[in-house]
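To start, the structure under review is shown below, and the notes come after it.
Laboratory data are not the source of any read-out in this text; all were calculated from the coordinates shown. Fair warning: this is a prediction, and the values are worked out from it, not measured in the lab. Note that each Cβ is placed from the backbone with ideal geometry, even for glycine, and that neighbours are counted across all protein chains shown.
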Amino acid sequence: MAKLNMVQALNLAMAEEMARDRDVVILGEDVGLDGGVFRVTEGLLEKFGKERVIDTPLAESGIVGTAIGMAISGLKPVAEIQFSGFAFLMFHQLEGYASRFRSRTHGQFTVPLVVRMPYGGKVRALEHHSESREASFAHLPGLKVVIPSSPRNARALLLAAIRDPDTVVFMEPKRSYRAFREEVPEEEEVMEIGKAQVVEAGTDLTVISWGAMMRPTIAAVEQVKEKRGTSIELIDLLTMAPMDGATLVDSVRKTGRCVVVQEAPRSCSISSEIIARINDRELLYLEAPVKRVTGYDVVTPYFAREETYLPGPERIVRAIEETLDF
Amino acid sequence: MAKLNMVQALNLAMAEEMARDRDVVILGEDVGLDGGVFRVTEGLLEKFGKERVIDTPLAESGIVGTAIGMAISGLKPVAEIQFSGFAFLMFHQLEGYASRFRSRTHGQFTVPLVVRMPYGGKVRALEHHSESREASFAHLPGLKVVIPSSPRNARALLLAAIRDPDTVVFMEPKRSYRAFREEVPEEEEVMEIGKAQVVEAGTDLTVISWGAMMRPTIAAVEQVKEKRGTSIELIDLLTMAPMDGATLVDSVRKTGRCVVVQEAPRSCSISSEIIARINDRELLYLEAPVKRVTGYDVVTPYFAREETYLPGPERIVRAIEETLDF
Amino acid sequence: MPLEEIATFSVSRLQVLDEQGKVDSALEPELTDEQLMSLYRHMVMAREADQRMLKLQRQGRIGTFGPCTGQEASICGTAMAMGEKDWLVGAFREAGARMMRGEPFLRQLLYYNGFEEGNYFAGNERVTPVAVIVAAQLLHAVGIGYSIKYRGEKDTAVVSFVGDGGTSEGDFHEALNFASVWQVPVVFIVQNNQWAISHPRSKQTHSKTLAQKAIAYDMPGIQVDGNDVLAVYRAVKEGLDRAYSGGGPSLIETDTYRLMMHTTADDATKYRNEEEVEAAWKREPLIRFKAYLENKGLLDEEKQAALAADVKAEIDAVVKELDEWQLQNIDQSFEHVFGDKHPEIALQQAEFLDELSREEDANG
Amino acid sequence: MPLEEIATFSVSRLQVLDEQGKVDSALEPELTDEQLMSLYRHMVMAREADQRMLKLQRQGRIGTFGPCTGQEASICGTAMAMGEKDWLVGAFREAGARMMRGEPFLRQLLYYNGFEEGNYFAGNERVTPVAVIVAAQLLHAVGIGYSIKYRGEKDTAVVSFVGDGGTSEGDFHEALNFASVWQVPVVFIVQNNQWAISHPRSKQTHSKTLAQKAIAYDMPGIQVDGNDVLAVYRAVKEGLDRAYSGGGPSLIETDTYRLMMHTTADDATKYRNEEEVEAAWKREPLIRFKAYLENKGLLDEEKQAALAADVKAEIDAVVKELDEWQLQNIDQSFEHVFGDKHPEIALQQAEFLDELSREEDANG
Ligand SMILES: Cc1ncc(C[n+]2csc(CCOP(=O)(O)OP(=O)(O)O)c2C)c(N)n1
Ligand SMILES: Cc1ncc(C[n+]2csc(CCOP(=O)(O)OP(=O)(O)O)c2C)c(N)n1
Ligand SMILES: [Mg+2]
Ligand SMILES: [Mg+2]
């Protein structure tokens, strides 16, 4: 066991899988010589050569479009989009092809592709480097959307994503890249995509979050537990799509109260869908409205105004308490 | 008063506004000589000349990107994307620029742009010609998203969209283009963007829909009223974003029951957001879960399998009855 | 060096058969009589299939499609040049080439009748389905080219089609750039049929030729008379040989004409005049190839009649198959969202089937 | 016609000042002594502002930014050629040009300190903010060009910047194509600084020059020595004159070098070697322009010292302003989502302000 940060854990997953499977190749801007602008692919060029770690020209549709071609012809590409803010330049390739090849050919052609991208705010970055747009991907049928929250699950989910028979949009909370370390088992560990994880069981209230919001959420949960002795069930969503409705609904059936914490703007988001699924299946068990702590429906502000825009532990604590006291 | 179909009504709105305001220009693929593949811009080239009705090269980012440039320099472009399925080739221009110029410059630069696009299924069309992706736009802060449902509101909303100070994504239910005619007043009529319309007041249950789904929804509502004498409040959403939460919530507060009918897939959709807003504000008034009648979270099937995929009156009737009987 | 010319470029145009079918023997490709006659039959089949589909569409027996009449030389000449292991990454107006690569005509009819079943057939691992989003498929071709190079597959390349309109899309540019940077074995065929729906070639781009767009990538590019099947064959063969031998990608502009409407939903009389179309019919590719075959003594009236009857019989048989086709597995959409079915998709599938059965109960 | 050359093209390179500052008098632009000295001061200001920002960034007083050191000729030479009414649609590495078009240095510091206030200033109707999404802004430039042409505005054009990396994006292609089809008054400046973060020019595209990409659109294109401010000025002036007189768009590749890191978040030693950078420092644009001015008797040690002191004082004053800057209107994001405030945005604004005040209560 080694204590790794998320950058190292992601790097480990790719190195492992590339060593195991020669069909796995990496492509993207600055992923080779530079090791990625966040160093996630560091050292892989040296280890696996430039045929397998491909520094591409600067063109996102080019990266994902060619990766789709690689995938339908037997490779397992792991494409990097340098920041999720630039994913929209290749959105038609995901919406029109990666998500559909299987369905439109009833399985004759498939696209085992991973599209990695750092997302999210609070790193004092320039415009388009701070957004949280997982819902844009999650709304598209035929795409899997995964967001890890810690080094260990990052490694285990990235392994799963590379082995997955379909396209996985793998969004990495850049704010958590180097924020903390965690024991990552030496032996291979693969988590199932499509499942949420009950991080901590509880009976009085369910808190659901994912990605970079897990850390302030955990802090908030700890505060409330300490202060009020409440028993809180904490769920890490991990897969945005297809969403693990059962785990969420089972929890809320038990607790009757729920808070969802997300970084993204509110409208038509993952939190909307969580509430809708609870409504669809277990509305009557609710003892209080599901409370949302989210980004607002405004253009993501530049970093001088970001701190107050993003949900922090205080807001989450208040939401939990309000929901308990409802 | 003249009885117009939706194509004629949209054409009228553009002709009126172009006559009134020389800053209004139209651009897109085949919008000029051909009058648009659905004839929505028919005759405008002849009337206003090729400087104002611009047949562009085949490139969606080109169309919307240049339209943004026109808009920040004082024109009021109305861009057409031939089918909404091709909107994803210019998604970054909307996400990155049209929706943000005002916010990032605190109003110094603005983008008074309309992006028209036919959307939706059941016209026996090829792949990428049948999707309903309004949520993809509605999730993006800074964009207005409007969907008319009838000739009259199509004309009144398109006028409003062209005069709007910001970018409006204007999605036209192509299945309704020539499906029926309606009296459209000769004098100018402008509807407010951002407001839902209570089409029919009622007390027992609220039904919310929009666009092409309004017609089967109306049929279903009529059936239930006839059969059971129920008093149903029918709401036409009209603006997807920013969503008129107040009108929806006020209605559900009154009726306690609600059915949402949409053509789009379910996850992270407009229906999710409607349910979430009801949850956020008026959960306790609900006497039954909000029932969703939607497309499924699968890749839109080709037209041989489309009929059963799309919500029709029978499914809507069942949903209403189930919700009444809950 | 003040103002110095640092690079020069040129674009050439290839013609092997002139409009009368006279061959330039120095450029005449080496094709056996059987090959020539087989190529001719494919072109006739493409033409006749198109015409039958137009009828079927008018009768409501299939949906909208885009005829390829006039482009048979560009389409079939390309396929004729392809080797066994090559990939075909087409757009939506190359029916003849698809059939030459093994796609049964029935599949095409199914596709245009709204069945996903029309997108695949036994043995189509190397023929990708119709691609509607203009130019996006070119990038898939480049990615496949990368796989071929990565694996060191011998005598294998990718042929990818796009239209004159498609050259305006950003993906066209990105595809050509990636292909040339990677030096992958891809031959790009730009079918310049002079129109993108109602938009004429002259307004699609300001350049005099489409072939010269290759210069932007220092990629070999050539314009060929796209109504001359031998010229198309020759140019594509050259491109493929270059690709097989590690010489990287090529661009071929086939200068041809879309003789029919854009698709059956289109009315071309709205935007182009009859004279232009009539003049184009005089240059259509079957005339001159037929003359060439007659000159060579391979074709006469009798043989022509036999071939026509044969093609008609083949088409008749397929249309019969189409009429017998039944919609099965109505819930296929749920079966193929992912390779592994997710419980929530299964829930929705159950819901879908339940709705269906309730509808059947209500209606029956 | 069998195989016939149907078009030929060439690309030229322009240099006016050689590396020693020797001028080619036939090409020397007509600039007054005042103009020359003003241009020189702007270049020095760009360099010094950059160096100061590096310090501020290292001290945590501003955030990440991309230095333009080495590109002053390309940037300031371009701005020098612009007319009063021209638009500037930049990318993110043209600080010097922005300042020459009226953008106060303070605004730039604010921008890089995470304030939207850095994106606008009084009188910037014709200077668009920093554009981060590579190449997307080129299309805005073309649309503005359309407005100018539509309105018949005289002596007005658009100058738009992009990098060598940016030429690979689809939007670059679409912008050049639209511009040439529409023949709008736009001058595209491709700053070829040899690197796109870690990706060298040679692997960005397979073409020998970036200027030749103009051939794809039959657009005038030229490569200039991008470290020679007089060559840049001359070429841009020519492009603008062509634009003013209805001659349509042009492409100018300025062949220069990024002497510093990509941004302050980047470590360039990871991917390029010191010798290359050292060699590039020998060709940097201030050296030769200074030599030219000295030869002309416009500059000597004393004047240089005075100018340096002057520039330093200007920068010091601005940095002081920056230190005094206060965050105001924390809820601006809610004020400018739309031109007309929607009730639901107002609700969220109220919620936001409520959260804030509760936080302040809790903390204070
Ligand atoms: C990205 C995209 N935009 C628009 C369309 C609608 N459309 C279908 S075919 C076509 C014209 C294509 O012209 P061209 O590339 O010349 O091919 P051709 O139809 O002539 O074979 C258009 C605009 C599309 N399918 N995809
Ligand atoms: C669409 C997009 N993709 C990726 C990035 C990340 N990025 C910022 S600058 C840059 C390199 C740009 O290179 P070049 O165009 O040569 O400009 P330079 O930085 O050299 O001035 C990259 C990849 C971006 N900003 N936008
Ligand atoms: Mg065409
Ligand atoms: Mg560069």
- line: Membrane-span-like helices (DSSP H runs, Cα span along own axis at least 15 Å, mean Kyte-Doolittle at least -0.5) in chain D -> D:136-151, D:170-182, D:229-244, D:285-295, D:301-324
- prompt: Is it possible to state the helix-based mean residue ellipticity at 222 nm for the protein assembly as shown, with each DSSP H run of 4+ residues giving -39500 (n - 2.57), the sum divided by total residues, to the nearest 500 deg cm²/dmol? What is it?
  reply: -12500 deg cm²/dmol
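If Lys and Arg each add +1 and Asp and Glu each add -1, what is the summed charge of the other residues whose beta carbon sits under 10 Å from the beta carbon of D:GLU294? Could you put the intermediate results ahead of the total?
On the way: positive: D:LYS290, D:LYS296, D:LYS303; negative: D:ASP300, D:GLU301.
The answer is +1.
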message: Using the basic label-point model (7 angstrom from Cα toward the beta carbon), what is the A:ALA246 to B:ASP21 distance in nanometres?
response: 5.4
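When Lys and Arg each count +1 and Asp and Glu each count -1, what net charge do the other residues less than 9 Å away from C:SER198, Cβ to Cβ, add up to?
Details: positive: C:LYS270, C:ARG272; negative: B:GLU29, B:ASP30, B:ASP34, B:ASP55, C:ASP266.
Neighbour charge sum, excluding C:SER198 itself: -3.
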- line: Straight-line reach check, C:LYS320, cutoff 16 Å on alpha carbons, 8 or more apart in-chain or any other chain, hits among lysines -> C:LYS55, C:LYS312
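For A:ILE81, what charge total do you get from the other residues with a beta carbon under 10 Å from its beta carbon, if Lys and Arg give +1 and Asp and Glu give -1?
On the way: positive: A:ARG116; negative: A:GLU29, A:GLU60, A:GLU80.
Summing Lys/Arg as +1 and Asp/Glu as -1 gives -2.
By its C-alpha gyration tensor, with a ≥ b ≥ c as the square roots of the eigenvalues, how is region C:70-226 shaped: rounded for a/c under 1.5, else prolate for a/b larger than b/c, else oblate? Mind dumping the intermediate values first?
Values: a/c = 1.74, a/b = 1.15, b/c = 1.50.
Oblate.
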- prompt: Hey, what do the phi angles of region B:245-256 turn into as Karplus ³J(HN,Hα) couplings, whole Hz, using 6.51/-1.76/1.60 and θ = phi - 60°, x for Gly and Pro?
  reply: x, 4, 4, 5, 5, 4, 5, 5, 4, 6, 8, x
- request: Taking the Cβ of each residue in C:TRP87, C:TRP195 as the centre, tally the other Cβ atoms inside 10 Å and list the residues starting with the fewest.
  value: C:TRP195, C:TRP87
- prompt: DSSP loop trypsin sites (Lys or Arg not before Pro) in region A:28-79 with at most 11 other Cβ atoms within 10 Å of their Cβ, which ones?
  reply: A:LYS50
statement: With x for Gly and Pro, the residue-by-residue ³J(HN,Hα) of region B:5-21, computed from phi through the Karplus equation 6.51 cos²θ - 1.76 cosθ + 1.60 at θ = phi - 60° and given in whole Hz, is 8, 5, 4, 5, 5, 5, 4, 4, 4, 5, 4, 4, 6, 5, 5, 6, 9
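What's the exposure ranking of B:GLU287, A:GLU17, D:GLU274, going from fewest to most Cβ atoms within 10 Å? Mind dumping the intermediate values first?
Numbers: B:GLU287 14, A:GLU17 20, D:GLU274 9.
So the ranking, lowest neighbour count to highest, is D:GLU274, B:GLU287, A:GLU17.
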query: Using a label position 7 Å from Cα in the Cα→Cβ direction, what is the ascending list of nm distances from D:ASP18 to the same site in the other copies?
result: 5.4
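Starting from the alpha-carbon convex hull of region A:257-318, give the projected area averaged over all orientations, in nm². Don't jump to the answer; show the numbers that get you there.
Details: hull surface 17.8 nm².
Taking a quarter of the hull surface, the average projection is 4.5 nm².
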field: For the protein assembly as shown, Kirkwood radius (reciprocal of mean inverse C-alpha pair distance, Å)
entry: 32.5
statement: Residues whose modelled amide H sits under 5 Å from the amide H of C:VAL186, counting only those 5 or more places away in sequence or on another chain, are C:VAL158, C:SER250
query: Once amide H atoms are placed 1.01 Å from N in the peptide plane, what residues at a sequence separation of 5 or more from A:VAL25, or on another chain, have their amide H within under 5 Å of its amide H?
result: A:LYS76, A:VAL78
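What share of the DSSP beta bridges in region D:170-258 is antiparallel, in percent to the nearest 5? Kindly include the intermediate steps, with their values, before the conclusion.
On the way: 2 of 13 bridges.
Around 15 percent of the beta bridges assigned by DSSP in region D:170-258 are antiparallel ones.
Nearest 5 percent is fine: what portion of the DSSP beta bridges confined to the protein assembly as shown is antiparallel? Write out the running numbers ahead of the final one.
On the way: 33 of 141 bridges.
That works out to approximately 25 percent antiparallel.
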- prompt: Among the residues of chain D, which one places its Cβ closest to the rotation axis that maps chain D onto chain C, and what is that distance in whole Å?
  reply: D:GLY170, 1
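If R0 is 56 Å, what FRET efficiency do you get for B:ALA219 and C:ASP316 from their C-beta distance, rounded to 0.05? Each step should come with its number before you reach the end.
On the way: r = 42 Å, r/R0 = 0.76.
Once rounded, the FRET efficiency stands at 0.85.
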query: Between copies, how close do the A:ARG181 label points come, placed 7 Å along Cα→Cβ, listed in nm from shortest?
result: 7.8
message: Please compare each pair in C:LYS85/D:LYS208; B:LYS3/D:LYS341; B:LYS195/B:LYS254; B:LYS291/C:LYS341 to a cut-off of 28 Å on the Cα-Cα distance and tell me which ones are over it.
response: C:LYS85/D:LYS208; B:LYS3/D:LYS341
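For chain D, what is the percent of antiparallel DSSP beta bridges, rounded to the nearest 5?
Working: 3 of 26 bridges.
DSSP beta bridges in chain D are roughly 10 percent antiparallel.
So for C:LEU230, A:LEU45, D:LEU347, fewest C-beta neighbours within 10 Å to most, what's the order?
Numbers: C:LEU230 27, A:LEU45 19, D:LEU347 15.
With the sparsest Cβ surroundings first, the list reads D:LEU347, A:LEU45, C:LEU230.
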task: Using Cα positions and a limit of under 15 Å, work out the aspartates and glutamates in reach of B:LYS225, with same-chain residues fewer than 8 apart set aside.
output: B:GLU200, B:ASP204, B:GLU233, B:GLU314, B:GLU321, B:GLU322, B:ASP325
message: Compute the angle between helix A:151-163 and the longest alpha-carbon principal axis of chain A, please, reported from 0 to 90 degrees and rounded to the nearest 10.
response: 50
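Quick check on region D:245-322: take the gyration tensor over C-alpha atoms, sort the square-rooted eigenvalues as a ≥ b ≥ c, and tell me if it's rounded (a/c under 1.5), prolate or oblate. Walk me through the numbers before you get to the answer.
Values: a/c = 1.38, a/b = 1.13, b/c = 1.22.
Because its axes are fairly even, with a/c under 1.5, region D:245-322 counts as rounded.
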message: Run through region D:125-184 and list the GluC sites (Glu not before Pro) located in a DSSP loop whose Cβ has at most 14 other Cβ atoms within 10 Å.
response: D:GLU125, D:GLU153
task: Give the nm distances, rounded to one decimal, from C:GLU324 to the matching residue in every other copy, measuring between label points 7 Å along Cα toward the beta carbon; shortest first.
output: 9.1
query: GNM on chain B, C-alpha springs below 10 Å: top fluctuator among B:LEU284, B:LEU157, B:LEU12?
result: B:LEU284
- line: For chain B, the Cα-Cα pair-distance distribution in 10 Å bins from 0, as whole percents, is 6, 27, 34, 23, 9, 1
field: Principal axes of chain D: Cα extent on each, largest first, Å
entry: 80, 59, 44
Karplus-derived HN-Hα couplings along region A:213-223 (A = 6.51, B = -1.76, C = 1.60, θ = phi - 60°), whole Hz, x at Gly and Pro: 6, 4, 5, x, 5, 4, 4, 5, 4, 4, 4
